[in-house]
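**Q** Mind having a look at this structure? Questions to follow.
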Amino acid sequence: SQQGEEDPQALSIQEGENATMNCSYKTSINNLQWYRQNSGRGLVHLILIRSNEREKHSGRLRVTLDTSKKSSSLLITASRAADTASYFCATDARSQGAQKLVFGQGTRLTINP
Amino acid sequence: EAGVVQSPRYKIIEKKQPVAFWCNPISGHNTLYWYRQNLGQGPELLIRYENEEAVDDSQLPKDRFSAERLKGVDSTLKIQPAELGDSAVYLCASSHDQLAYNEQFFGPGTRLTVL
């Protein structure tokens, strides 16, 4: 079973608008990461937020983490066509004694020119 | 710095045939991961290596899947025999430290189609 679930599954906005994606998870975490995947490519790490942090910024990206609600959000401001991609949250989970990174099913973001 | 290299990028085979994927991680990264990504889903871990030791292979279907990392650098993932349900993208990733929940660097993946 997946630890993280993204919402919405798909999002389509106009270039220049802001895009917000949400992630919910089930168990306690050490950190939460967001990755981007362009069509036919591998995943690229965007940002990592630790469990004791509440907000983090990187360029046009803003990530929040609410451990009491077991949720995170990724905000992309002033979106560009190049931001069109799938975005995944990933959290750590322990399974059969081993710690591993567990990904959600992703949000497909489309930026319309 | 070169990223994670994977080959081939695409592979089409008939069911019951064997197939192998190759991965070369980022230089100096001791931890290597193989993931499988089904269409419309996030990646799921198959196996994790620390140097040449498989430290987590709990998700690897061992009846038909095998992996090796003999010298602790590059790695091969094999499926024999392949089934229709194995069609997916197989991603290799590496990381600098042993903490499996820190930043990982992904290769472009191998898209496998089983006919």
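**Q** Considering the dipole of the protein assembly as shown built from charges on the beta carbon (Lys and Arg +1, Asp and Glu -1) around the Cα centre, which of A:Q33, A:L46, B:L91 is farthest to its positive end?
**A** Of the listed residues, the answer is B:L91.
**Q** How many angstrom lie between the Cα centre of region B:79-107 and the Cα centre of region A:27-106?
**A** Computed from Cα coordinates, the inter-centre distance equals 18 Å.
**Q** For region A:37-52, which residues drop by 20 square angstrom or more in accessible area between the chain on its own and all protein chains together (1.4 Å probe)?
**A** Those residues are A:Q37, A:G40, A:G42, A:L43, A:H45.
**Q** Could I ask something else about it? What residues does region B:58-105 have that are buried by at least 50 Å² of accessible area in the full protein assembly compared to the chain on its own, 1.4 angstrom probe?
**A** Flagged in region B:58-105: B:Y101, B:E103.
**Q** Placing +1 at every Lys and Arg Cβ and -1 at every Asp and Glu Cβ, with all other atoms neutral, what dipole size does chain B have around its Cα centre, in debye to the nearest 20? Don't jump to the answer; show the numbers that get you there.
**A** On the way: 12 positive and 15 negative charges, 112 e Å.
The calculation lands at about 540 debye.
**Q** For region B:36-47, just list the computed ³J(HN,Hα) in residue order, Karplus coefficients 6.51, -1.76 and 1.60, θ = phi - 60°, integers in Hz, with x standing in for Gly and Pro.
**A** In residue order, the calculated couplings are 10, 10, 7, 4, x, 10, x, x, 10, 5, 9, 7 Hz.
**Q** Nearest 100 Å² is fine: how much accessible area is buried between A and B, summed over both sides, with a 1.4 Å probe?
**A** 1800 Å²
**Q** Once amide H atoms are placed 1.01 Å from N in the peptide plane, what residues at a sequence separation of 5 or more from A:G106, or on another chain, have their amide H within under 5 Å of its amide H?
**A** A:E6, A:C89
**Q** Also, quick follow-up: Tally up the carbon and sulfur contribution to the accessible surface of region B:2-61 as a whole percent, 1.4 Å probe, everything protein left in place.
**A** For region B:2-61, the apolar C and S fraction of the accessible surface comes to 46 percent.
**Q** Percent relative contact order of chain B, based on C-alpha pairs within less than 8 angstrom and at least six residues apart?
**A** Values: 289 pairs, mean separation 42.8, N = 115.
Worked out over chain B, it gives 37 percent.
**Q** If you average the sequence gap of Cα pairs under 8 Å that are 6 or more apart and divide by the length of chain A, what percent do you get for the contact order?
**A** With pairs under 8 Å counted, the relative contact order is 38 percent.
**Q** When chain A is modelled as a GNM with alpha-carbon springs shorter than 10 Å, which of A:Q37, A:Q14, A:Q99 fluctuates the most?
**A** Highest fluctuation among the options: A:Q99.
**Q** Here's something else I'd like to know. Does the protein assembly as shown come out rounded, prolate or oblate by the C-alpha gyration tensor, with a ≥ b ≥ c the root eigenvalues, rounded set by a/c under 1.5 and, if not, prolate when a/b is larger than b/c and oblate if not?
**A** Note, shape of the protein assembly as shown comes out prolate.
**Q** Per residue, how large is the accessible surface of the protein assembly as shown? Use a 1.4 angstrom probe and give square angstrom.
**A** 48 Å²
**Q** So which trypsin sites (Lys or Arg not before Pro) in region B:1-43 end up in coil per DSSP with only 16 or fewer other C-beta atoms within 10 Å?
**A** Of the trypsin sites (Lys or Arg not before Pro), the ones in loops of region B:1-43 whose Cβ has at most 16 other Cβ atoms within 10 Å are B:R9, B:K15, B:K16.
**Q** What size of dipole, in debye to the nearest 20, comes out for the protein assembly as shown about its Cα centre when the only charges are +1 on Lys and Arg C-beta atoms and -1 on Asp and Glu C-beta atoms?
**A** Dipole size: approximately 260 debye.
**Q** Name the GluC sites (Glu not before Pro) in region B:34-115 that are in a loop by DSSP and that have at most 13 other C-beta atoms within 10 Å, would you?
**A** Working: sites: B:E44, B:E50, B:E52, B:E53, B:E68, B:E83, B:E103; in loops: B:E52, B:E83, B:E103.
Of the GluC sites (Glu not before Pro), the ones in loops of region B:34-115 whose Cβ has at most 13 other Cβ atoms within 10 Å are B:E83.
The values are calculated or read from the model by the stated rules, or taken from the named source; none is laboratory data. Keep in mind that this is a model prediction, so the values were computed, not measured. In this analysis, Cβ positions are derived from the backbone assuming ideal geometry, glycine residues included, and neighbour counts consider all displayed protein chains. The accessibility values were calculated without ligands, DNA or RNA, using every heavy atom of the protein model including side chains. Shrake-Rupley method; radii C 1.70, N 1.55, O 1.52, S 1.80 Å.
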